[in-house]
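**Q** Here it is, the structure, as structure tokens.
The values are calculated or read from the model by the stated rules, or taken from the named source; none is laboratory data. The model shown is predicted, which means the values in this text are computed figures rather than measured ones. Virtual Cβ from ideal backbone geometry, glycine too; neighbours counted across all protein chains shown.
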Amino acid sequence: MSQLRMKNLRLHSSGVFSNVYRGTLLSPGPCKEIALKKTWPELTDLTSDFEEDSQVNTELNILLGLSCRRHKNIIQICETMIFEYLPKTMSNIVKQIGGKYPDYIEIKLYSWQLFNGLSFLSNNHVCHRDIKPQNLLIEPISGMLKIADFGSAKFMRRMTKSTFYQVSHDIIVHQNYCLKRLSIHLKLANVWSGGCVLGEITKGSILFPGKDTKDQFKLVMDALGSPDETDLMDMKAAISIAGGRIAPRGLRSILPYASEEIINILQRILVYSPEKRLCGKVFLSDPFFQELFVPNKRRTNGTFVSNIITLDDLQKIPYVFLIFNFAKKLVTAIFC
């Protein structure tokens, strides 16, 4: 086994459960920029809400299990807790691409990659459970996005149901991203969170910026209306909504500058009933992303979208591949 050699290690970021250091990996393998994660095991919750051995659910085991399958939108572990390095997080660029004048090409490119990564995790029975802009790494020049920080993730061998985020109030967004106390199907666990991220990068700020969890849920209900009895049954939520039903003001009330197509796709993601949320290949092949599949489409900085969403990606989504081939033939017919 070759010796691990690094240089220029310096603190990059710090958190309650870990510190991240940036540096250069000299060996093994080619020299490259890396991120080294130092965790505090005594602070990590290894108790499992799932029907699996909690020891399987450590961050290292989950990442090692995923590494053999390699996915471009999931952070790749290099050596133990040494990762490939990306310079930014989504939270660093939210205000650049969202707000009054949203950059829709960038929004679509990043949200497609996010849900592409979530689809991969779902297919491999992994719940990330902490999807938010700070945990989405970005290489802004190329446009690459990778899902990172699997410290809260859980692995399940069977497609069972589990209760997420049982640490506080009723159906509330966890730090604005994760619905709590919802017993939901594994593959849909992170879809709400992904929708909130899409809303945030469009808005340029937090989608539901409540001052506390109660206030956050009030903002959710102001926009979406209160969940009805069918929603509550679908969510397996052990709560009741006090007072009369709240009529929805609509997502337009919190996204005044968003295009109709953004509002439309968010309306199909941010729904109370988990089984009705848009996700997976249906999401990835939605007409919302159609301009990404046009041959030679360029990003705002001039780089090609096809450098990130490749032909190999499109071939995994039959409907999208048909659109791509049609567009390619059309461009050839017009300009050749």
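**Q** Within region 77-87, how many residues are hydroxyl-bearing (Ser, Thr, Tyr) and outside any loop (DSSP other than H, G, I, E, B)?
**A** In the first step, residues of region 77-87 are kept if they are hydroxyl-bearing (Ser, Thr, Tyr); the result is 80, 85.
Checking the rest, the ones that are also outside any loop (DSSP other than H, G, I, E, B) come to none.
Summing the residues that are hydroxyl-bearing (Ser, Thr, Tyr) and outside any loop (DSSP other than H, G, I, E, B) in region 77-87 gives 0.
**Q** Here is a follow-up. Looking at Leu114, Leu121, can you tell me which residue is over 17 Å from Phe155 (Cβ atoms) and either buried (at least 19 other Cβ atoms within 10 Å of the Cβ) or among the hydroxyl-bearing types (Ser, Thr, Tyr) (or both)?
**A** Working: Leu121 fails: over 17 Å from Phe155 (Cβ atoms).
Checking each option against the conditions leaves just Leu114.
**Q** For region 4-51, give me the residue count where each residue is loosely packed, with under 13 Cβ neighbours inside 10 Å, at pLDDT below 75 and part of a loop (DSSP other than H, G, I, E, B). Steps first, please.
**A** Residues of region 4-51 loosely packed, with under 13 Cβ neighbours inside 10 Å: 5, 7-11, 14, 16, 27-32, 38, 40-43, 45-47, 51.
Keeping just the survivors that are at pLDDT below 75 gives 16, 40-43, 45-47, 51.
This time we only want the ones that are part of a loop (DSSP other than H, G, I, E, B), so: 16, 40, 45-47, 51.
Residues that pass the stated criteria total 6.
Let's see how each residue does on (1) assigned to a loop (DSSP other than H, G, I, E, B); (2) under 20 Å from the mean Cα position of the chain (by Cα); (3) at pLDDT below 90:
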{"residue": "Arg268", "(1), (2), (3)": "no, yes, no"}
{"residue": "Tyr272", "(1), (2), (3)": "yes, yes, yes"}
{"residue": "Glu275", "(1), (2), (3)": "no, yes, yes"}
{"residue": "Phe283", "(1), (2), (3)": "no, yes, no"}
{"residue": "Phe288", "(1), (2), (3)": "no, yes, no"}
{"residue": "Glu291", "(1), (2), (3)": "no, no, no"}
{"residue": "Asn296", "(1), (2), (3)": "yes, no, no"}
{"residue": "Asn301", "(1), (2), (3)": "yes, no, no"}
{"residue": "Ser306", "(1), (2), (3)": "no, no, no"}
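**Q** Looking only at region 203-232, count every residue that is polar (S, T, N, Q) and over 21 Å from Glu275 (Cβ atoms) and tell me the total. Let's see the steps before the verdict.
**A** Let us first name the residues in region 203-232 that are polar (S, T, N, Q), namely 205, 213, 216, 226, 230.
Keeping just the survivors that are over 21 Å from Glu275 (Cβ atoms) gives 205, 213, 216.
Here the count works out to 3.
**Q** Might you let me know whether region 195-214 holds any residue that is assigned by TED's automatic domain parsing to the domain that holds Glu106 and free of Cβ contacts under 8 Å to residues at least 24 places away in the same chain?
**A** In the first step, residues of region 195-214 are kept if they are assigned by TED's automatic domain parsing to the domain that holds Glu106; the result is 195-214.
Then drop every residue that is not free of Cβ contacts under 8 Å to residues at least 24 places away in the same chain, which leaves 211-212.
Yes - at least one qualifying residue is present in region 195-214.
**Q** Do any residues in region 278-294 that are among the hydrophobic types (A, V, I, L, M, F, W, C) have Cβ atoms under 6 Å from those of residues that are loosely packed, with under 15 Cβ neighbours inside 10 Å, where the two are at least six apart or on different chains, and which pairs are they?
**A** none
**Q** Additional query: Among all residue pairs at least 6 apart or on different chains, which show Cβ distances below 9 Å where the first residue, located in region 244-257, is over 12 Å from Ala223 (Cα atoms) and the second is of a type in the set (Ser, Thr, Tyr)?
**A** Correct list of pairs: Gly244/Ser226; Arg245/Ser226; Tyr257/Tyr101; Tyr257/Thr202.
**Q** Kindly indicate the residue of region 257-288 that is under 15 Å from Leu109 (Cα atoms) and of a type in the set (Phe, Trp, Tyr) and also surrounded by the fewest Cβ atoms within 10 Å (Cβ to Cβ) among those meeting that condition.
**A** Filtering first and then ranking leaves Phe288.
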